[in-house]
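None of the figures in this text is laboratory data; all of them are computed from the coordinates on show. For clarity, every value in this text was computed on a predicted model and none was experimentally measured. Glycine gets a Cβ as well: all are built from the backbone with ideal geometry, and neighbour counts include every protein chain shown.
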Amino acid sequence: MCGRFFLKLEAEAIAALFDVASWPPGFGLNLPRFNIGPGQDIPVALARDGRRELIELKWGLVPSWADDPAIGFKTMNARSETAHEKPAFREAFRRRRCLIPASGFYEWKEGTAGSKQPYAAFRNGGEPYAMGGLWETWDDPVSGETLETCTVLTCPANTRLRALHERMPVIVPRVDWSMWLDPRVEGVAPLRAICQPDEAMRWSYHPVSTRVNRVKNEGPGLLDEVMDESAGLFG
């Protein structure tokens, strides 16, 4: 799964990454961020009206038919193998896909004593990448306001990260960005073909402080490597 990630880029760098000339006022004002969690607004790239744009969406997809937006805390991730058939995700998988910029993500590995050690996982060299996501709109029946939300797709972990967790975020290759964002592409087969473990790039990970467990904690120090505090982690 992917329940927390970090993004070292500012708005200008995100715009350059996705080749977007402009962005809405207020976009990325709180970047970079080192402890991004579900329920927060996150930057994404999507395509509307034939052009690519940047926007911030709440992390945790709320289907258009939902009675309560609180469902978003259960839908922060979607399994790429089944998203095309699950009621909460299938329409978004067909028509509303997005790219979520990231510099890395956190995962928790269970130790022998039941404790969990957080790890930061990232591409070697710290290269940013785009996680595959889905987005949706939900209209509040009381206020009439529209809520826009998203989810991060996951796939089986690649060879390097498998010791850390069995799942990882879908990393959309740059060559497939335009196809992924194009709502005219509705075929399940070519879209699922993109949702494969990222084996092309080398990945690293190291233990970090349990301070990352609290989403209110922020700052680059969260990425500092620490000693693994859980006994016999890989034993």
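Here the range 74-198 carries DSSP beta bridges of which approximately 90% are antiparallel, counting only pairs with both residues inside.
For trypsin sites (Lys or Arg not before Pro), the sites in the range 176-210 that DSSP calls loop and that have at most 13 other Cβ atoms within 10 Å are Arg184, Arg202.
Where in the range 24-68 is the amide nitrogen less than 12 Å from a point lying 7 Å along the Cα-to-Cβ axis of Ala13? Answer for this model: 31-34. Among the GluC sites (Glu not before Pro) in the range 97-190, those located in a DSSP loop and surrounded by at most 12 other Cβ atoms within 10 Å of their own Cβ are Glu145, Glu166, Glu186. Among residues other than Thr137 with Cβ under 9 Å from its Cβ, the summed charge is -2 (Lys and Arg +1, Asp and Glu -1). Among the GluC sites (Glu not before Pro) in the range 33-100, those placed in a DSSP loop whose Cβ has at most 14 other Cβ atoms within 10 Å are Glu81, Glu85.
Between Leu29 and Asn124, residue separation times 0.36 nm minus the direct Cα-Cα distance comes to 31.5 nm.
Charge tally for Pro190 (other residues, Cβ to Cβ under 11 Å; Lys, Arg +1; Asp, Glu -1): -2.
Find the centroid of the Cα atoms in the range 1-66 and in the range 157-188, then give the distance between the two in whole Å. Result: 17 Å between the Cα centres. Based on the alpha-carbon gyration tensor of the range 1-135 and its eigenvalue square roots a ≥ b ≥ c, which shape applies: rounded if a/c is under 1.5, prolate if not and a/b is larger than b/c, or oblate? Since a/c reaches 1.5 but b/c is at least a/b, the shape of the range 1-135 is classed as oblate.
Computed over the range 106-235, the Cα gyration tensor eigenvalues convert (square root of 5λ each) into semi-axes of 31, 22, 14 Å, ordered from largest to smallest. Of the residues Cys195, Cys2, the one with the fewest other Cβ atoms within 10 Å heads the list, and the complete ranking is Cys195, Cys2.
Classified by the C-alpha gyration tensor, the range 141-197 has an oblate form. Its axis ratio a/c, with a ≥ b ≥ c, is 1.5 or above, and a/b does not exceed b/c.
In straight-distance terms, cross-link reach from Lys86 covers every one of the aspartates and glutamates whose alpha-carbon lies under 20 Å from its own, apart from those fewer than eight places away in the same chain; here that gives Asp67, Asp68, Glu136, Glu148, Glu186.
For the chain, the alpha-carbon radius of gyration amounts to 0.99 times the rule-of-thumb value 2.2 N^0.38 Å expected for a compact globular protein. Counting only residues at least eight positions apart within a chain, or on another chain, the aspartates and glutamates with an alpha carbon under 18 Å from that of Lys8 are Asp19, Asp41, Glu56, Glu107, Glu127, Glu218, Asp224, Glu225.
Helix-derived [θ] at 222 nm for the chain: sum -39500 (n - 2.57) over DSSP H runs of at least 4, divide by residue count, nearest 500?
Working: 4 runs with 25 residues, N = 235.
Calculated at 222 nm, the ellipticity per residue is -2500 deg cm²/dmol.
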